[in-house]
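Contents: one structure, followed by commentary.
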Amino acid sequence: MISSPCGSSLSLCQTIEARAPAAPALARGAWVVSDRFADSTMAYQGYGLGVDRDLLRQLYKTVLGEFAPD
């Protein structure tokens, strides 16, 4: 786990955990509604707490690849 003093690892872990249960539903074409994803991490950690936004983008791409809400 990558951690920072601002707790960005917690938000990243929450994003990853949200993806795991959603994957089977998405694979069968079901709708999945979630109130947490990379956008909230970027807003709260990146803009709110000043965590390096490029780092957050890099972590997102490394961990989740092309997985994104539509």
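Each reported figure results from applying straightforward, stated rules to the coordinates on display, with no laboratory input. Values in this document were obtained by computation on a predicted structure and should not be read as measured data. With ideal geometry, Cβ positions are generated from the backbone for all residues, glycine too; neighbour counts draw on all protein chains shown.
Tabulated data for the structure shown
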| read-out | value |
| --- | --- |
| Highest to lowest packing among 26-38, 54-66, scored as the average C-beta count within 10 Å | 54-66, 26-38 |
| HN-Hα J in Hz across the range 58-70 - Karplus 6.51, -1.76, 1.60, θ = phi - 60°, x for Gly and Pro | 5, 4, 4, 5, 5, 7, 9, x, 8, 5, 7, x, 10 |
